[in-house]
Amino acid sequence: MRSRTSVWSHECFPTACPDALALAQCRHSCDSCAVGRWMYKYRLEEVPLEVLRQRESKWLDMLNNWDKWMAKKHKKIRLRCQKGIPPSLRGRAWQYLSGGKVKLQQNPGKFDELDMSPGDSKWLDVIERDLHRQFPFHEMFVSRGGHGQQDLFRVLKAYTLYRPEEGYCQAQAPIAAVLLMHMPAEVPPGPGQAGGGQGTPSSKALCLSHPQQAFWCLVQICEKYLPGYYSEKLEAIQLDGEILFSLLQKVSPVAHKHLSRQKIDPLLYMTEWFMCAFARTLPWSSVLRVWDMFFCEGVKIIFRVGLVLLKHALGSPEKLKACQGQYETIERLRSLSPKIMQEAFLVQEVIELPVTERQIEREHLIQLRRWQETRGELQCCSPPRLHGAKAILEAEPGPRPTLQPSPSIRLPPDAPLPGSKSKPKPPKQVPKEQQKQEKASGQLDKTPKPGQAKMAIAGGDACPPQDVPRRTQSTRTHPLRTQLPRFQPTTAPRRAWCPRRVRTPTCNPGISGLQGGVSTHLHGSRTDTFQGLPTP
């Protein structure tokens, strides 16, 4: 198992710096380039290998019992996402958190159907022009026409066919590219392998490719996490810009006052942040940690990251001395300080920032009302936004398929678990003499014992049916489960009801022999008698 910091080709910056490729090839030779010196200064705190393995085992247990953990221990999942998902399980965890795994199971063969369709030429030309711009120094997308760019094209084309009214937006390309980097290729077990059954198709036919898994995660992001962000009018991102600016007044009044004085529209600095989920803004390690929390807790993580960046970039008078105009302010927000974007610092600030889903939804209603008063109704009717994995799980319509991972080793039911000292208990053996007696007694009619007959009489079954001999009547019936005589309505006049008198059926299991007789009820010190109901 390789640790998180062993391969730097996956940890390089998503930036078009020529030194980044050399940095990836030389495995982080920190003195070779400026980017390397920066990363050496603000690199990740190396996680010990033992701690990494412990985290992986915990995440494996959660993923193998995902429904149980989501139902009872969601807070624990949130805490572990804040600590960071292990790199070896990040792609799989993103599928479970976003609900992409469930979508894939609910729509088998849907991606293949979209992939085989020709697509709209209006979107295909735009997608092809954007392929080489997505992480050009990452080993997956470094070659033009390579497997990475081909898979990215397939995912984006499939989405334009899946949502033709929405089409393609350039901000979807980096989202899909990050997903493709982390989606594992899962091969289900074949007929002769452990966990496979008879009649299972070949593993080649059932292999889940990178594009298929990345496609359904992209669908969940566009429909559940960030609905309306990639529509034609970009109305949802404009609303969220106003929400961000309103929340900034509570988080950092100094930064809010400065942006208001300079009359800088939020769209000038937050559009790329939100639409790309900071994939083009933060260092790669910080991007992954932000996405871990984003998939678990929803869009509030995106708001928190934006507020933290604005607070620490423009939140003090000393920092505002160099931002006297609009141009200087926008340049400050485009070239943020490396210390602000460092992983440990940023994640801790995001976790501690008190911005909740309720505050975001309250501001959303306020800004929506202002929008309707000034601009009219929204033209894009996007579905409601869901805040995180738990909200997506609860909003899943209809019966949801249970996520059951296929184990690599199948044990018989009575076999002990590996490492356990307990031995399987052998089945109880019945003596041969007892078996012969049971067979002989099953062929003969059973005669009730005297004690059992008395219990049956006391339970109200003193009068068995006439057409069945008494010795064949079952004596195993519980006294309270015997069939009582049914009462028929009677036309006989009854006495007026008295509130002090409690009428009980005369055929009570406790006094079953009194049918049609006189029952006695005590009320304090007085005794009252009345005629019981007739026997049917």
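Side notes on the structure shown:
- Total residues in region 246-289, condition in contact with a His (Cβ under 7 Å, 6 or more places away or on another chain) and open to solvent by 30 Å² or more (accessible area, probe 1.4 Å): 1
- Restricted to region 61-170, the set of helices (runs of 4 or more DSSP H) holding at least 3 residues that are closer than 29 Å to GLU235 by Cα and open to solvent by 40 Å² or more (accessible area, probe 1.4 Å) comprises 121-130, 147-162.
- Yes/no for PHE137 being over 28 Å from LEU386 (Cα atoms) and of a type in the set (Phe, Trp, Tyr): yes
- Residue match in region 182-196 (condition: of a type in the set (A, V, I, L, M, F, W, C), modelled with pLDDT of 90 or more and open to solvent by less than 40 Å² (accessible area, probe 1.4 Å)): no
- Which numbered condition ILE302 misses (of (1) surrounded by 23 or more Cβ atoms within 10 Å (Cβ to Cβ); (2) among the aliphatic types (A, V, I, L, M); (3) over 28 Å from CYS381 (Cβ atoms)): (3)
- Verdict on GLU272 being among the acidic types (Asp, Glu) and either in contact with a Leu (Cβ under 9 Å, 6 or more places away or on another chain) or not in a loop (DSSP other than H, G, I, E, B) (or both): yes
- Residues located in region 343-367, provided they are open to solvent by 40 Å² or more (accessible area, probe 1.4 Å), farther than 15 Å from LEU247 by Cβ and touching a residue at least 40 places away in the same chain (Cβ under 8 Å): ALA344, ILE351
- Screening SER252 on (1) among the hydroxyl-bearing types (Ser, Thr, Tyr); (2) without any contact (Cβ under 8 Å) to a residue 60 or more places away in the chain; (3) more than 20 Å from ARG370 (Cβ to Cβ) shows it passes everything except condition (2).
The values are calculated or read from the model by the stated rules, or taken from the named source; none is laboratory data. Everything quoted here is computed from the prediction, not taken from an experiment. For neighbour counting, all protein chains shown are included, and Cβ atoms are generated from backbone atoms with ideal geometry for every residue, glycine included. Keep in mind that these areas ignore ligands, DNA and RNA; they rest on the heavy atoms of the full protein, side chains included. Shrake-Rupley method; radii C 1.70, N 1.55, O 1.52, S 1.80 Å.
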